[in-house]
Amino acid sequence: MEVVMVCFFAYLLGSIPFAVIASWLFKLPDPRTYGSKNPGATNVLRSGRKAAAVLTLLGDAGKGWVAVALASHFSLVLGWGVETIAGAALAVFLGHLFPVFLGFQGGKGVATSAGVLFGLDVWLGMLVILTWGLVALIGRISSLSALAAALLAPIYAYILVDSKLIVFVVVIITLLLFWRHKSNIINLAAGKETRIGEKSKT
């Protein structure tokens with residue numbers, strides 16, 4: 001019962017659309033109306049307001065971390081077990097992808113997944129961020145960086161995390177990230193993917 005309850009609240013937390021909130025606070029257009037039309041930090045950055053993009057990034061990553069951190073805390077205190085932590089990790093991520101507050105049309109989940117991974121294991125999160133940063137530094141393409149980090153995340157998790165269930169959840173998150181980036185993968189193959197900070201190519 002506690003797993004269902006935790007997953008429900010984690011999903012609601014994941015559904016909070018920080019890209020839309022940040023855009024409203026900075027009096028910017030709805031991020032779903034320009035660029036890639038994705039309610040995420042990279043698309044908000046295309047508005048030219050870096051502060052709004054940073055707020056979006058912190059909010060989306062933060063909700064992933066908070067969901068897992070709270071589930072871990074209460075699991076330790078109340079003896080709920082790793083299933084609760086795994087459920088919270090997946091539920092908050094699904095909340096971002098399919099948010100009830102945006103008609104189940106959410107972002108691609110990169111920042112939220114990073115927050116989730118930090119919540120599961122600090123070193124896991126740091127390795128994923130390092131991977132993203134290195135690929136971004138070289139290629140200057142956000143989607144390529146996200147895909148590279150996502151691809152290596154299950155390997156990092158397998159090495160660092162002593163739970164097959166958690167590793168399985170990380171694999172699911174990776175598969176969902178690749179699915180959400182299918183249009184980016186097509187653009188990458190065609191050499192049409194936009195670089196960080198650029199406006200979307202038509």
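Restricting to region 174-199, and then to whatever is in a loop (DSSP other than H, G, I, E, B) and closer than 19 Å to A41 by Cα, can you tell me which residue is modelled with the highest pLDDT? Step through it out loud before you land on a result.
Initial filter on region 174-199 (in a loop (DSSP other than H, G, I, E, B)): 181, 191-199.
Filter once more, so that each one left must be closer than 19 Å to A41 by Cα: 181, 193-199.
On the way: H181: 94, E193: 83, T194: 78, R195: 77, I196: 68, G197: 56, E198: 59, K199: 57.
Looking at the filtered set, the residue picked out is H181.
Does L57 meet the test of being modelled with pLDDT of 95 or more and surrounded by fewer than 18 Cβ atoms within 10 Å (Cβ to Cβ)? Full working, then the answer.
Values: modelled with pLDDT of 95 or more: yes; surrounded by fewer than 18 Cβ atoms within 10 Å (Cβ to Cβ): no.
No; evaluated as a whole, the condition is false for this residue.
Just checking, how many residues over region 72-92 are among the aromatic types (F, W, Y) and either more than 20 Å from V167 (Cβ to Cβ) or part of a helix (DSSP H, G or I) (or both)? Steps first, answer last, please.
Going through region 72-92, the residues among the aromatic types (F, W, Y) turn out to be 74, 80.
Pick out the ones that are also either more than 20 Å from V167 (Cβ to Cβ) or part of a helix (DSSP H, G or I) (or both) and you get 74.
Summing the residues that are among the aromatic types (F, W, Y) and either more than 20 Å from V167 (Cβ to Cβ) or part of a helix (DSSP H, G or I) (or both) in region 72-92 gives 1.
When you go through A190, A136, A114, A148 one by one, which is the residue that is buried (at least 22 other Cβ atoms within 10 Å of the Cβ) and either on the phi > 0 side of the Ramachandran plot or among the aliphatic types (A, V, I, L, M) (or both)? Don't jump to the end; show me each part of the working.
On the way: A190 fails: buried (at least 22 other Cβ atoms within 10 Å of the Cβ); A136 fails: buried (at least 22 other Cβ atoms within 10 Å of the Cβ); A148 fails: buried (at least 22 other Cβ atoms within 10 Å of the Cβ).
That would be A114, the only listed residue that is buried (at least 22 other Cβ atoms within 10 Å of the Cβ) and either on the phi > 0 side of the Ramachandran plot or among the aliphatic types (A, V, I, L, M) (or both).
Quick one: which helices (runs of 4 or more DSSP H) sit completely within region 1-69 and have at least 1 residues that are under 20 Å from V128 (Cα atoms) and out of contact with any Gly (no Cβ under 8 Å at 6 or more places or on another chain)?
41-45
Only one of G106, G133, G95, G115 is in contact with a helix residue (DSSP H, G or I) (Cβ under 9 Å, 6 or more places away or on another chain), in a loop (DSSP other than H, G, I, E, B) and within 22 Å of N38 (Cβ to Cβ). Can you tell me which?
Details: G133 fails: in a loop (DSSP other than H, G, I, E, B); G95 fails: in a loop (DSSP other than H, G, I, E, B); G115 fails: in a loop (DSSP other than H, G, I, E, B).
Being in contact with a helix residue (DSSP H, G or I) (Cβ under 9 Å, 6 or more places away or on another chain), in a loop (DSSP other than H, G, I, E, B) and within 22 Å of N38 (Cβ to Cβ) holds for just one of G106, G133, G95, G115, which is G106.
Run down K50, K63 and say which single residue is of a type in the set (D, E, K, R) and under 19 Å from F101 (Cα atoms).
When all the criteria are applied, what remains is K63.
Have a look at K50, K108, K37, K63 and point out the one that is farther than 22 Å from I141 by Cβ and either buried (at least 21 other Cβ atoms within 10 Å of the Cβ) or modelled with pLDDT under 95 (or both). Talk me through it step by step, then tell me what you get.
Numbers: K50 fails: farther than 22 Å from I141 by Cβ; K108 fails: farther than 22 Å from I141 by Cβ; K37 fails: farther than 22 Å from I141 by Cβ.
Criteria check complete, one pass: K63.
How many residues, within region 107-160, are touching a His at 6+ places or on another chain (Cβ under 7 Å) and more than 19 Å from L58 (Cα to Cα)?
Filtering region 107-160 down to residues touching a His at 6+ places or on another chain (Cβ under 7 Å) leaves 107-109, 112, 143, 146-147.
Subsequent filtering for residues that are more than 19 Å from L58 (Cα to Cα) retains 147.
So the count comes out to 1.
Looking at F18, F101, F26, F93, can you tell me which residue is of a type outside the set (V, I, T) and closer than 21 Å to V169 by Cβ? Working first, answer last.
On the way: F18 fails: closer than 21 Å to V169 by Cβ; F101 fails: closer than 21 Å to V169 by Cβ; F26 fails: closer than 21 Å to V169 by Cβ.
Of F18, F101, F26, F93, the one residue that is of a type outside the set (V, I, T) and closer than 21 Å to V169 by Cβ is F93.
Tell me, yes or no, whether region 157-167 has at least one residue that is surrounded by 18 or more Cβ atoms within 10 Å (Cβ to Cβ), in contact (Cβ under 8 Å) with a residue 12 or more places away in the chain and within 23 Å of F9 (Cα to Cα).
Scanning region 157-167, I find at least one residue that is surrounded by 18 or more Cβ atoms within 10 Å (Cβ to Cβ), in contact (Cβ under 8 Å) with a residue 12 or more places away in the chain and within 23 Å of F9 (Cα to Cα), so the answer is yes.
Could you tell me which of the residues L45, L25 is of a type outside the set (V, I, T) and more than 27 Å from N184 (Cα to Cα)?
Details: L45 fails: more than 27 Å from N184 (Cα to Cα).
Selected residue: L25, the only one of L45, L25 that is of a type outside the set (V, I, T) and more than 27 Å from N184 (Cα to Cα).
List every residue pair whose Cβ atoms lie under 7 Å apart, where the two residues are 6 or more positions apart in sequence or sit on different chains, the first residue falls within region 8-34 and is closer than 18 Å to A111 by Cβ, and the second residue, located anywhere, is in a helix (DSSP H, G or I) and of a type in the set (K, R).
L13/K63; G14/K63; I16/K63
Sort out which residues of region 1-27 are touching a Lys or Arg at 6+ places or on another chain (Cβ under 8 Å) and surrounded by fewer than 18 Cβ atoms within 10 Å (Cβ to Cβ), and write them in order of number.
F26
For region 81-105, what are the residues that are crowded, with 21+ Cβ neighbours inside 10 Å and among the aromatic types (F, W, Y)?
Listed by number, the list holds a single entry, F93.
The values are calculated or read from the model by the stated rules, or taken from the named source; none is laboratory data. Here the structure is a predicted model, which is why all the values come from computation and not from measurement. We place every Cβ from the backbone using ideal geometry, glycine too, and count neighbours over all the protein chains shown.
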